[in-house]
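Have a look at the structure below before the remarks.
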Amino acid sequence: MTTLAGLDEVIGRRFPFPRRHFLSVADLNVVEVSSLLDLADGFVALNRQTSKKLDLLKGRTLMNLFFENSTRTQSSFELAGKRLGADVVNMSPRSSSISKGETLIDTAVTLNAMQPDILVVRHASSGAASLLSQKVGCSVINAGDGQHEHPTQALLDALSMRRAFGRIAGLKVAICGDVLHSRVARSNVAMLQMLGAEVRLVGPPTLMPAQAERWGAAVHHDFRKGVAGCDVVMALRLQLERMDGVMAPSQREYFRFYGLDREKLAHAAPHARVMHPGPMNRGVEIDSDVADDPDVSLIQDQVEMGVAARMAVLASLAARLDNA
Amino acid sequence: MRPQAFTNVRVVDPASGWDGPGAVLVRDGVIADVAQGGGLGSLSEDVEVVDGGGALLLPGLVDLRVKTGEPGAETKETLKSAALAAAAGGVTSIVLQPDTDPVVDEPSVADFILRRARDIHLVHVYPAGAATKGARGERMAEIGLMAEAGCVYITDADRPIVDSKVMRRVLAYAAGFGMQVAHRPADPWLVAGAAASEGEFAARLGLPSAPAAAEKIMLERDLALVELTGARLIVDQVTTALALESLERGLSRGLPVTATASINHLSFNEIDIGDYRTFCKLDPPLRHEDDRQALIEALSTGLVKIVVSAHAPAPAEDKRLPYDEAAPGAVGLQTLLPALLAFHHDGRIPLIDLIRTVTCAPADLLGLPAGRLAKGAPADLVLCDPNAPQVIDADKLVSKSKNSPFDGRTLQGRVLRTVVDGRTVYEAG
């Protein structure tokens, strides 16, 4: 097996993650996050080679348990697991036993009996991954739980920013749109603040969580003022069913005031970059003109960084497994 | 049954205002004599003397808000298991919520419950009747017939009566039969889908939440309807500082309103939810600490007069779920008294005032023959060591369901013996 020069050294620095599970950014500290980002950097280089395979997770089984559909995150974890040499199984309980009345815990306990080493879970309820982690013997990775957290997304976003700007400390980041329902926003606020960025939350009052100002981030309802001088403008996905008079009056009104387009982006810093966790509603929260411009958009980088960031998490959890 | 004399006890009887040494003589299921300060004098030879060893002797507790699963969901709790839990907690009279399956919205279901309770023969059981058919908030239930059958108040339990016209008619009609209506103040649209109290904590956990104003909005409506109809209202579990302000204004205008507080909202705040602890998922949800403090203050000033256990059994399969899918509610019959004593131990509320909220205050509100240590009253008594510490182990609770938020908590106070109509129905082992 060939490895990139220097990767061995990166992998050698892989630090044994001091936790069994990867559930929440709130559980992490700066040292852990920095180590994960360093490790992920090494994997980015690996992923750009022809031969991408390592054997850090050889013999290990990774189970993707997605109660909510997500092609992007699921395939990202699948690739991350396979590139590290794990056997990967994808389960979509939506189409099988859950509809027969089996509970989350029953499903988890059943799968646990098949002796997976790592369970990657996405579920529509906040706290679902944490609940599951209390009932199974393997490591659990939270791939999104309701409106709570999506920690690997925050890690890949931080990685994308660090590679684009060379640092995170001191960056001004505006997180824009449906903050209320967004687990991406919650994880990103926690991680970016931990790493020293200045975070702002921008969106209509109906899409802001109660007392969001107490998260230590400035809250703006005027998009242009909110993004003023920002290095990064991150647009969040707004589910279409929340438009149409529910949380916002209409798509066109939302786009007019909160959609990220060239004109609004001009209020950010001159070198500002645009991010989006995907999948995008083009013409709703973001304009294609901006999203597809490689000079300003980091959106494709985010997808690439996603695989590397997840490899870093898997490798770190596996390092703990090896020590066990 | 031999007469019994309870001696060497500290008698706390809020109805007469006595808190001090004394003794109580029980004969033929009723209290034959009460000695406040002194002894009972010379006792005839057939009297069995129970030496309380300095423990508290209280009137048996009266709990206005209890749910069981019978009829309809006996895996949660049966009338028998609830009665055993009540006995173990020193609760001698329970009022059952009507939201069973079938709903207590006509006299035969009330008859069934009363007949079962007579067969079980442990504690006094009183049904509450539904205000509307199926507790759906649309058409009035047979309130008069249920009153005749023995229902002690009218309520749709957890479900607010949304339609103000229906609520007005229920209040007015029930008053014609001398029945009070208990109503949960919650704006149905604001609370729809909510699992927590709106604020920083719920936002961080990503839980769907409702603002405290939801409680105030509905309470203000209810107060206006009370003013309109002149009917008496029981405010079912006030939980927020905002609603307490409304309540205070209503009472100062002389409205015939009585508010209850649940022991859970007096004992816990939202932080106890911690890492999505579903045993702390309640309806109404746990509030901010400011709200809890305001509620304790309201209890000490008498703004809130009654404490309920809000006993709501939910089996493990309904609780071992993601937080927003888990069933709300907590069992509480067995922990009510020791949990309440916490405010006595803290020095927040005098013991006699605390005991009033679970004895003569609820009994007098409904006119039940309970809650007092008076000559001729039914001999419903609790002997309790107020200082004995105990760590609550939910698995050891008597209820069929073990969903206690007090699990793992240390409480001070232990029921030693519970007496109903002169019969000992519980004795600590």
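What do you get for the angle between helix B:289-301 and the principal long axis of chain B? Use alpha-carbon atoms, 0 to 90 degrees, nearest ten. Taking Cα atoms only, the helix is inclined about 50 degrees.
Across peptide B:274-283, the mean count of Cβ atoms from other chains lying within 10 Å of each residue's own Cβ comes to 2.
In this simple spin-label approximation, B:Asp275 and B:Val391 carry label points 7 Å from Cα along the Cα→Cβ vector, and these lie 1.9 nm apart.
What whole-number volume per residue, in cubic angstrom, does the convex hull of the C-alpha atoms of chain A give? It comes to 132 Å³ per residue, whole-number rounded.
Computed from phi, the 3J(HN,Hα) profile of segment B:264-281 under the Karplus parametrisation 6.51, -1.76, 1.60 (θ = phi - 60°) reads 5, 6, 7, 9, 10, 10, 4, 5, 5, 4, x, 8, 6, 6, 6, 5, 9, 7 Hz, with x in place of Gly and Pro. A Gaussian network model of chain A, with springs between Cα atoms under 10 Å, assigns the largest mean-square fluctuation among A:Arg60, A:Arg214, A:Arg163 to A:Arg214. Note on the protein assembly as shown: dipole from Cβ charges, positive end direction compared against A:Thr206, B:Gly52, B:Leu282; the farthest Cα belongs to A:Thr206. For the segment B:315-328, counting C-beta atoms of other chains within 10 Å of every residue's C-beta and taking the mean gives 4. Compare A:Thr107, A:Thr206, A:Thr50 in a GNM of chain A, Cα atoms joined below 10 Å, and give the one with the largest fluctuation. So, out of A:Thr107, A:Thr206, A:Thr50, the one fluctuating most is A:Thr50.
Calculated from DSSP H runs of 4 or more alone, at -39500 (n - 2.57) each and per residue, what is the 222 nm mean residue ellipticity of chain B, nearest 500? Taking each H run of at least 4 residues, the total per residue is -8500 deg cm²/dmol. For chain B, DSSP calls about 50 percent of its internal beta bridges antiparallel. Rounded to the nearest 10 degrees, the angle from helix B:79-88 to the longest Cα principal axis of chain B is 60 degrees.
The fraction of Cα-Cα pairs per 5 angstrom bin, counted from 0 for segment B:225-316, comes to 3, 13, 25, 22, 16, 11, 7, 3, 1, 0 percent, rounded to whole percents.
Take every Cα-Cα pair in segment A:181-311 and report what % of them are more than 19 Å apart.
Cα-Cα pairs of segment A:181-311 separated by over 19 Å account for 49 percent.
Working ranking of peptides A:145-157, B:320-332 by packing, defined as the average number of other Cβ atoms within 10 Å per residue, highest first, is A:145-157, B:320-332. For chain A, the share of DSSP beta bridges that are antiparallel, to the nearest 5, is 5%. Calculated from the alpha-carbon coordinates, the protein assembly as shown shows an Rg and a Dmax of 30.6, 102 Å respectively. A Förster radius of 60 Å combined with the Cβ-Cβ distance from A:Met114 to A:Arg282 puts the calculated FRET efficiency at roughly 0.90. Summary of the geometry: segment B:101-164 and segment B:16-47, compared by the centres of their Cα atoms, lie 37 Å apart. Taking amide H as placed 1.01 Å from N in the peptide plane, the amide H of A:Phe22 sits under 5 Å from that of A:Val140, A:Ile141, A:Asn142, each at least 5 places away or on another chain. Working from label points 7 Å from Cα in the Cα-to-Cβ sense, the B:Lys375 to B:Ser44 distance is 1.6 nm. Straight-distance candidates among the lysines for linking to A:Lys53, with alpha-carbon spacing under 17 Å and chain neighbours fewer than 8 residues away dropped: A:Lys82. Computed from Cα positions, the angle between helix B:107-120 and the longest principal axis of chain B comes to roughly 30 degrees. Note on A:Ala218 and B:Gln412: the model spin-label points, each 7 Å out from Cα along the C-beta direction, lie 5.0 nm apart.
When +1 charges are put on Lys and Arg Cβ atoms and -1 charges on Asp and Glu Cβ atoms, the dipole computed for segment B:296-360 relative to its Cα centre reaches about 260 debye. The packing ranking of peptides B:47-59, B:84-96, highest mean first, is B:84-96, B:47-59, where packing means the average number of other beta carbon atoms within 10 angstrom of each residue.
Dipole check for the protein assembly as shown: with +1 at the C-beta of Lys and Arg, -1 at the C-beta of Asp and Glu, and the Cα centre as origin, the magnitude is about 1120 Debye. Largest mean-square fluctuation among A:Ser130, A:Ser70, A:Ser160, in a Gaussian network model of chain A whose springs join Cα atoms under 10 Å apart, belongs to A:Ser70.
The distance separating the Cα centre of segment A:264-295 from that of segment A:69-84 comes to 25 Å.
Backbone amide hydrogens, once placed in the peptide plane, bring B:Gly371 within less than 5 Å of B:Gly60, excluding anything fewer than 5 places away on its chain.
Close amide H partners of A:Met208, meaning residues 5 or more places away or on another chain with modelled amide H under 5 Å apart, are A:Leu180.
Please identify the helices of chain A, taking whole runs of DSSP H, that span at least 27 Å along their own axis as judged from the Cα atoms and have a mean Kyte-Doolittle score of -1.0 or higher.
A:299-323
By the Stokes-Einstein formula, at 0.692 mPa s and 37 °C, chain B with its Kirkwood radius over alpha-carbon pairs has D equal to 152 µm²/s. About its Cα centre, the dipole of segment A:25-73 is roughly 380 debye, where the only charges are +1 on Lys and Arg Cβ and -1 on Asp and Glu Cβ. Apply the Karplus curve 6.51 cos²θ - 1.76 cosθ + 1.60, θ = phi - 60°, to the phi angles in segment A:279-289 and return the couplings in whole Hz, x for Gly and Pro. Per residue, the Karplus-derived 3J(HN,Hα) values read x, 8, 9, 5, x, 10, 9, 8, 8, 4, 3 Hz. Over what distance in Å are the Cα centres of segment B:371-429 and segment B:272-300 separated? What the calculation gives is 23 Å, centre to centre. Each DSSP beta bridge with both residues in the protein assembly as shown is either parallel or antiparallel, and the antiparallel ones are about 35%. Between A:Ala235, A:Val219, A:Leu314, the Cα set farthest toward the positive side of the dipole of segment A:168-324 (charges on each charged residue's Cβ, about the Cα centre) is that of A:Val219.
Partner shielding of B:203-215 amounts to 5, given as the average count of beta-carbon atoms from other chains within 10 Å of each residue beta-carbon.
Laboratory data are not the source of any read-out in this text; all were calculated from the coordinates shown. On a predicted model such as this, the values are computed, not experimentally measured, just so you know. As a convention, Cβ positions derive from the backbone with ideal geometry for all residues, glycine included, and neighbour counts pool all protein chains shown.
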